[in-house]
Structures are given as structure tokens and as C-alpha cells.
Amino acid sequence: KENSIIYIILFFIFTSCSNNENNSNEQSVYDYNNNQIAGSPIIINIFEEEKIIYKIESDTLIDSIGNILLSGGVNVKVFNDDNIKINDIFSNKALVYTGSDSMKAYGDVKIISVQNKDELYTDKIILYNKTRLVRSNEKVVFVNNLDTIRGVGFWSDFEMENWTIDKVSG
């Protein structure tokens, strides 16, 4: 499964980032200066088998030692097993780990739950695909049903229905 995610990511990067009008000349991220692609925006879809997990938009994509670093207005749409969008994540940067089941968003992270409109604000968050969990060890502000909860450390499922804050501070 992990290899299929890697191949799908690379396929979309290689096929969607061509500068040529004629797409018969395939290009990859390695054909660009410093393995970097800039766009307005660059769009990456990450699938597991035939199910979309993430749709990511950003201004810049860099190959970072086999992982994918995205920066500049990163927007990650998270989907459930029925291909329905469940969250929007906004951040300054994101790192997609192509060899594992996770992705990290960092820098002014904001997550909005599509279903219940809850919002989470933090500086760094990790999403684990296989377990469908979200984790932050940072300070968080969680807005739930018009209540604002502050603390350090956050665990949740992808839908943000079952969540906990490790150390509540107010």
C-alpha cells in the first residue's frame, strides 16, 4: 500500500508539472532547477488504492531527500473512505513522507472540520494515514461548539469527532 501511494504521488508530480505544450516528453521534479517546481498553484492528489486521501495545493514543490516539501499557501483537503472531504488544513508548509504513512503541516496551521465546523490552531500537526489519526505536541487552540479550549498536545481522528487535548490550560 505504501508503495502505491508513492507511485501515485510521483505520477501526479511528473505528469502535472510539465512546461511543454507537448506532453510526449515526460518530465519529473528532477528536471527542474534544484528539484523545485513553482506554480499557481501546484496540485497533488494522493490516493490509497482508488480512494483519495489528500488533495494538496501549494505554490512550491521541492523534492527533499525523497520526501515532498510544499510551501507557500499550502491547502490540504482531507477525504474519508467514501471520497468525501472531511477537513481543510491550511499551513505555511507541508512535508509528505513518501516512505511512510504520514504528512506534517507546519507554520500557522489551521484545521477546519467540514462536518461540525470545529477549528484547530497550532504550529505543527502530523497526519497518520493508516491509523487515520491527527497529532500535535504543540500549543493548540481548539474551537468546538463556540467554546475555546487551549492546551498543549492534541490527538484526534481525521473527522475531529473523537479528540483530546493532553494538557488543558484554559
Matching residues in segment 120-133 - criterion: being at pLDDT below 95 and either among the aliphatic types (A, V, I, L, M) or surrounded by fewer than 16 Cβ atoms within 10 Å (Cβ to Cβ) (or both):
Leu127, Tyr128, Lys130, Thr131, Leu133
Hey, among Asn162, Asn129, Asn116, Asn145, which residue is at positive phi and of a type in the set (S, T, N, Q)?
Asn145
Inspect segment 53-74 for any residue being modelled with pLDDT under 75 and over 16 Å from the mean Cα position of the chain (by Cα) and give the result as yes or no.
no
When the residues of segment 99-118 are narrowed to those that are at pLDDT below 95 and acidic (Asp, Glu), which ends up nearest to Asn162 (Cα to Cα)?
Asp118
With the structure loaded, tell me whether Ile84 is under 29 Å from Ile149 (Cβ atoms), open to solvent by 30 Å² or more (accessible area, probe 1.4 Å) and of a type in the set (Val, Ile, Thr) or whether it fails that test.
yes
Pick from segment 45-67, criterion within 17 Å of Lys130 (Cα to Cα) and among the aliphatic types (A, V, I, L, M), ranking: most open to solvent (accessible area, probe 1.4 Å)
Ile52
Given the criterion over 29 Å from Glu49 (Cα atoms) and among the acidic types (Asp, Glu), identify the matching residue among Asp81, Asp108.
Asp108
Here the qualifying pairs (Cβ atoms under 6 Å; residues six or more apart or on different chains; first in segment 31-53 and outside any strand (DSSP E or B); second at pLDDT below 80) come out as Asn35/Val29; Asn35/Asp63
Of everything in segment 144-164, what is open to solvent by 40 Å² or more (accessible area, probe 1.4 Å) and either within 19 Å of the chain's Cα centre (by Cα) or under 25 Å from Asn83 (Cα atoms) (or both)? Give them in sequence order.
Trp155, Glu159, Glu161, Asn162, Trp163
All but one of (1) without any contact (Cβ under 8 Å) to a residue 40 or more places away in the chain; (2) under 21 Å from Glu57 (Cα atoms); (3) charged (D, E, K, R) hold for Glu159; state the number of the condition that does not hold.
(1)
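The values are calculated or read from the model by the stated rules, or taken from the named source; none is laboratory data. It should be emphasised that the depicted structure is a prediction, and the values quoted were computed from it without experimental measurement. Note: ideal-geometry Cβ built from the backbone for every residue, glycine included; neighbour counts use all protein chains shown. For the accessible areas, the whole protein counts, side chains as well, though only heavy atoms, and no ligand, DNA or RNA atoms are used. Shrake-Rupley method; radii C 1.70, N 1.55, O 1.52, S 1.80 Å.
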